[in-house]
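Student: Sharing a structure below in structure tokens format, with a few things to ask.
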């Protein structure tokens, strides 16, 4: 894809794709891409890269200004993602609450499926959605620890093990 860029952050590699309307996907990996993608970036994409990099380095950044392109998503998924994107840092919601906020009470499972397929994690903050009886699932970077770390950036303490949340920004001792 022509509109693709990879960059390294403190939490791993991020690969972005975009259209003229906004970011289309954000993928995360603990490993560098086989061939890191670099190219001259449109100024708004360079700004998005800077915001995401700063955010993942521990500087809480408002990612709501980053344009996104949700064109082509089914209406329910798009609505849920738009509602979630409009939430504020530091807020958490259950799948059922988000379903009600999106105008579909009783659609908690469908909200969960939407979170699992979120094309823009971090920019559309699926880490803010929790199960009614605990933290819920989280596939970003492969662990609930990552969910805890992202919520810690928003001053939310989520403990799934009873152990202290590891620092998102480890120090070299």
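The values are calculated or read from the model by the stated rules, or taken from the named source; none is laboratory data. This one's a predicted model, so the numbers in the text were calculated from it and none came from an experiment. All Cβ positions, glycine included, derive from the backbone under ideal geometry; neighbour counts span all protein chains shown.
Student: Considering only region 13-27, I want to know if a residue exists there that is assigned to a loop (DSSP other than H, G, I, E, B), modelled with pLDDT of 95 or more and under 26 Å from residue 149 (Cβ atoms).
Tutor: There is at least one residue in region 13-27 that is assigned to a loop (DSSP other than H, G, I, E, B), modelled with pLDDT of 95 or more and under 26 Å from residue 149 (Cβ atoms).
Student: Out of the residues in region 38-60 that are more than 23 Å from residue 151 (Cα to Cα) and buried (at least 16 other Cβ atoms within 10 Å of the Cβ), which is farthest from the chain's Cα centre (by Cα)?
Tutor: 41
Student: So, one more: Does region 55-74 contain at least one residue that is within 30 Å of residue 103 (Cα to Cα) and touching a residue at least 60 places away in the same chain (Cβ under 8 Å)?
Tutor: Yes - at least one qualifying residue is present in region 55-74.
Student: Just the residues that are under 18 Å from residue 151 (Cα atoms) and either at pLDDT 95 or above or not in a loop (DSSP other than H, G, I, E, B) (or both), please, taken from region 61-80.
Tutor: Within region 61-80, 63, 64 meet the criteria.
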